[in-house]
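S.K.: Let me begin by handing over the structure; questions about it come next.
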Amino acid sequence: MTRTQLENTVTEHFYDRFNHAPQALVLAPGRVNLIGEYTDLNNGFVLPVAIDRYLAMAVKKRTDSRVVIHSVDFDETVRLDLDRLEKNNHSFQEYISGCLWALGQKGFSVKGFDGVIAGNIPIGAGLSSSAALELATLRAAAYSGGFAFDATKMAGIARFAENHWVGVSCGIMDQLMSAAGKKGHALLIDCSTLELTACPVPDGVSVIILDTDTRRGLVDSAYNERREQCLCAAEIMGVSSLRQADEAMLAGSKNRMDDLLYNRARHVILENARVLSTARAMRRGDAATMGRLMKESHDSLDHLFEVTSPALNDIVACSVQQSACLGARMTGAGFGGCAVALVKKGLEDDFIRDVTACYGEKTGLTPGIYICNPSDGVTLKDLK
């Protein structure tokens, strides 16, 4: 579905379900990370873009403490009482209830609302469909409760919910990108200070998302394990996070850590440097350097951090062998999901055709491949 079709879908389903029109429409984008993987949970640097794939929510305020949200995609309805929020391990409900709980924990007065949601962000593909749901929920809650929506603050609340309610030890990149994205730009995010620097996507290139048609479960994956390994490596080097470490410190500590911890730390340290180099390349319009650094990032995630998969490696290999492709890498937590490629404008159709054929021959799967247009963060349209 297109953005307009999504808006029409949630509006029509809202009227059918609640027998009145919604008062507002919320759109929260997914994201694709150009470079900087597993650096956010180490307080480092990341460089994502918000994408033109969305979670849409039609909203109407209630006068009581109930929140009722119907998912068109799952054909399920979540019914919550803000005075008695409880965990129930129900997939998408946990992200909604967790955000509402987190708002209360942070001192916000949350009011009830009705909502209908639908999305066109592939679920489980590493494009942050969950963060989009979180930010849509928070934007709707701000509208219903009458409090200001501060992008950075709300991204922090979404992360708090995911860490302490959902149970994923994630960084803040996904939530902050969905909250604060800027059309036509990537955002260099300093995950220690939350400073944001807009970096224009160079003219003459397209960002293309490559969905491997394979999935992983984030909570059950090795994500939390990698986080613990990074913390352990940082402790050995005497720093609070790998953000404070450099190659010299790592070399000096090599004899005090095993090869696994050394490799994990080396990836994060070098990846932070690659992010900053990529941001500089974007500011001078140097797409070739961007592509080279993306290739280096994927190799590091494969060999040092060990979070790729056969499917991800295959689709990246199929991409970089195309003359139109400047670089490609896995994106997201890995173990399946998506890769991202930088492709010369005007050659997108040839690239998509040839990568589809190559990947199909290697895996027997049909990838989902589409051009990404960097978009703004979460928005609310008042319909009254």
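S.K.: Sort 96, 371, 352 by Cβ crowding within 10 Å, fewest neighbours at the top.
M.R.: On the way: 96 26, 371 16, 352 20.
Ordered from fewest to most neighbouring Cβ atoms within 10 Å, 96, 371, 352 come out as 371, 352, 96.
S.K.: Classify region 223-318 from the C-alpha gyration tensor, please: rounded if a/c falls under 1.5, else prolate or oblate depending on whether a/b exceeds b/c.
M.R.: Oblate, because a/c is 1.5 or more while a/b does not exceed b/c.
S.K.: Report the relative contact order of region 201-372, percent, no decimals, based on alpha-carbon pairs under 8 angstrom and at least 6 residues apart.
M.R.: 34
S.K.: Given the peptides 104-110, 205-211, arrange them by the average over their residues of other C-beta atoms within 10 Å, most packed first.
M.R.: 205-211, 104-110
S.K.: Rounding to the nearest 20 debye, state how big the charge dipole of the chain is about its Cα centre with +1 on each Lys and Arg Cβ and -1 on each Asp and Glu Cβ.
M.R.: Dipole of the chain, to the nearest 20 debye: 900 debye.
S.K.: Assuming a ≥ b ≥ c are the square roots of the Cα gyration tensor eigenvalues, decide whether region 201-372 counts as rounded (a/c under 1.5), prolate (otherwise, with a/b larger than b/c) or oblate.
M.R.: Values: a/c = 2.71, a/b = 1.56, b/c = 1.73.
Taking the square roots of the gyration eigenvalues as a ≥ b ≥ c, region 201-372 is oblate.
S.K.: Rounded to the nearest Å, what's the spacing between the alpha carbon centres of region 334-351 and region 44-97? Just the number, please.
M.R.: 30
S.K.: In a GNM of the chain with a 10 Å cut-off on Cα contacts, which of 292, 84, 264 has the highest mean-square fluctuation?
M.R.: 84
S.K.: Still on this structure, please answer the following. Can you pull out the cysteines in the chain that have no other Cys Cβ under 4.7 Å?
M.R.: If one checks each Cβ against the other cysteines of the chain, 99, 170, 191, 199, 230, 232, 325, 338, 372 turn up with nothing under 4.7 Å.
S.K.: Can you give me the long-range amide H partners of residue 335? Hydrogens built in the peptide plane at 1.01 Å from N, cutoff under 5 Å, separation of 5 or more residues or another chain.
M.R.: Residues meeting the criterion, in which the H sits 1.01 Å from N, are 308, 309.
S.K.: Another question, if that's okay. State the percent of C-alpha pairs, over all pairs in the chain, separated by a distance greater than 40 angstrom.
M.R.: Percent of Cα pairs beyond 40 Å in the chain: 14.
S.K.: Something else now. Select from 36, 119, 360 the residue whose mean-square fluctuation is largest in a Gaussian network model of the chain (Cα-Cα springs shorter than 10 Å).
M.R.: Comparing 36, 119, 360 in a Gaussian network model of the chain, the most mobile one is 360.
S.K.: Now a separate question. Show me 135-141, 42-48 ranked by packing, highest mean number of other Cβ atoms within 10 Å first. Don't jump to the answer; show the numbers that get you there.
M.R.: Values: 135-141: 29.6, 42-48: 26.0.
For the peptides 135-141, 42-48, the packing ranking is 135-141, 42-48.
S.K.: Counting only helical runs of four or more DSSP H residues, what would the 222 nm mean residue ellipticity of the chain come to if each run contributes -39,500 (n - 2.57) and the total is spread over all its residues?
M.R.: For the chain, the value works out to -13500 deg cm²/dmol.
S.K.: To continue, here is another question. Which ordering of 165, 101 is given by a fewest-first count of other beta-carbon atoms within 10 Å?
M.R.: Final ranking by Cβ density, sparse to dense: 165, 101.
S.K.: Given springs between every Cα pair under 10 Å in a Gaussian network model of the chain, which of 319, 240, 144 has the largest fluctuation?
M.R.: 240
S.K.: A follow-up question, please. Per residue of region 43-48, in order, report the coupling 6.51 cos²θ - 1.76 cosθ + 1.60 (Karplus, θ = phi - 60°) as ³J(HN,Hα) in whole Hz, putting x for Gly and Pro.
M.R.: With the stated coefficients, region 43-48 comes to 6, x, 10, 9, 9, x Hz.
S.K.: Taking the Cβ of each residue in 359, 262, 15 as the centre, tally the other Cβ atoms inside 10 Å and list the residues starting with the fewest.
M.R.: Fewest-to-most Cβ neighbours within 10 Å comes out as 15, 262, 359.
S.K.: Could you work out how far the C-alpha centroid of region 152-193 sits from that of region 231-308, in angstrom?
M.R.: 21
S.K.: Right, here's the next one. Beyond 25 Å between alpha-carbons counts as too far, so tell me which of 344/381; 87/381; 111/182; 87/183; 295/345; 61/381 fall in that bin.
M.R.: Pairs exceeding 25 Å: 344/381; 87/381; 111/182; 87/183.
S.K.: Whose amide H sits under 5 Å from the amide H of residue 78, counting only residues 5 or more places off or on another chain, with H placed in the peptide plane?
M.R.: Those qualifying (amide H under 5 Å, at least 5 residues apart or on another chain) are 69, 70, 71.
S.K.: Right, something else. If you take every DSSP beta bridge whose two residues both sit in the chain, what share of them, in percent to the nearest 5, is antiparallel?
M.R.: 90
S.K.: Show the residues, 5+ positions off or on another chain, whose built amide H is closer than 5 Å to the amide H of residue 51.
M.R.: Here the answer is 30, 31, 32, 375, since their amide H atoms fall under 5 Å of that of residue 51.
S.K.: Provide the per-residue ³J(HN,Hα) series for region 374-384, in order, calculated from phi with Karplus coefficients 6.51, -1.76, 1.60 and θ = phi - 60°, each as a whole number of Hz, with x at glycine and proline positions.
M.R.: With coefficients 6.51, -1.76 and 1.60, one gets x, 10, 6, x, 4, 10, 10, 10, 6, 9, 6 Hz.
S.K.: Sticking with this structure for a sec: Relative contact order for the chain using alpha-carbon pairs under 8 Å, separation at least 6, rounded to a whole percent?
M.R.: The value is 23 percent.
S.K.: Still on this structure, please answer the following. Dividing the convex hull volume of the alpha carbon atoms of region 63-196 by its residue count, what do you get in Å³ per residue?
M.R.: Given the Cα convex hull of region 63-196, per-residue volume reads 115 Å³.
S.K.: Along the charge dipole of the chain, which of 101, 127, 141 sits closest to the positive end, that is, farthest toward it, with unit charges on the beta carbon of Lys, Arg, Asp and Glu (+1, +1, -1, -1)?
M.R.: Of the options given, the answer is 141.
Bear in mind these aren't lab numbers, they're just calculated from the coordinates by the rules spelled out. Nothing here was measured: the structure is a model prediction, and the numbers come from that model. All Cβ positions, glycine included, derive from the backbone under ideal geometry; neighbour counts span all protein chains shown.
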